[in-house]
Amino acid sequence: MIALAGPTAAAPASSTLSMQRTEAFSQVYSHGHWLNGADGALCRSGWSAVHAGQAAAALAAVGSVLRENNLSAMIDVPVGDGCFAEAALPLLRQSVNLTYQGLDIVPELIESNRKRFGDARTRFTQADVTTLASLPQFASRSLLFSRMMMQHMCNQDVRSVLKLISASNASFALLTTFKTEESFVNTDIGCASSGYRAQDLTKPPFSLPAPREWFDERYPEDHRVGLGLWKLPISLP
């Protein structure tokens, strides 16, 4: 089932900031700041190989959520260099007739992904998700998958993206969130900095309800990292 509608752009209220975000993440890839996963896999987006490390855990989580909830479409934001998606989609499609839409802010990555493995069931769109009025819509039940994106966004943008996700027609969202101690406090970063910090979506200023399920990524550099599953829409503060 192809997408009923692609992402819809919002009014260009902050086009300069959006260009700054695009440039910041383009620089991350052009300079190889995230090159190689924790196991040395040659992924420009920092993924490990799908048969090892956090990518294996993420693949297992995505597959489980798709099958157990009878989902046949998936939005992946950010898709990055496609290192995970290109390897994972053939494996996922062994048990699920899956339609896939990947989004990323970096134009060169989208073009590369389209050329390498785009087809009628595998689409790619360049977009700054923080500026969208709506996400792609599918006729079938879908999963919104977002790994390690909001950890690179300022809190203001995170709140906007969470509202966008909640308002989408996806059935579930599988999002990176850290399992933290009670004293943990979410910090902030610049809105176009491409910076990073640990983030617990269940704590202020986001205060999402506890996820239905939390999947440990077995990430060797930070054992708090995992994927939380929420049914949409999410109850937002």
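Here, each number is a calculation from the coordinates, and none is a lab measurement. The model shown is predicted, which means the values in this text are computed figures rather than measured ones. Quick reminder, even Gly has a Cβ in these numbers, built from the backbone with ideal geometry, and neighbours come from all protein chains shown.
Summary of values
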quantity	calculated
Net charge over other residues, Cβ less than 15 angstrom from the Cβ of Ser193 (K, R count +1; D, E count -1)	-2
Student exercise, the chain dipole from Lys, Arg, Asp, Glu Cβ charges, in Debye to nearest 20	600 debye
Count of lysine pairs in the chain with Cα separation under 21 Å (8 or more residues apart, or interchain)	5
Distance-filtered residues of region 73-89 - backbone nitrogen under 20 Å, label point 7 angstrom along Arg116 Cα→Cβ	74-89
Region 124-196: relative contact order as a whole-number percent, Cα under 8 Å and 6+ apart	42 percent
Residue of Ile110, Ile189, Ile165 that the Gaussian network model of the chain assigns the largest fluctuation, springs spanning Cα pairs under 10 Å	Ile189
Among Ser18, Ser134, Ser183, residue whose mean-square fluctuation peaks in a GNM of the chain (springs only between Cα atoms under 10 Å)	Ser183
Exposed-loop-free span, longest in the chain, where GluC sites (Glu not before Pro) count as exposed if DSSP calls them loop and at most 16 other C-beta atoms lie within 10 Å	1-180
For the chain, fraction of C-alpha pairs farther apart than 32 Å, in %	11 percent
For the chain: relative contact order, % (alpha-carbon pairs under 8 angstrom, 6 or more apart)	22 percent
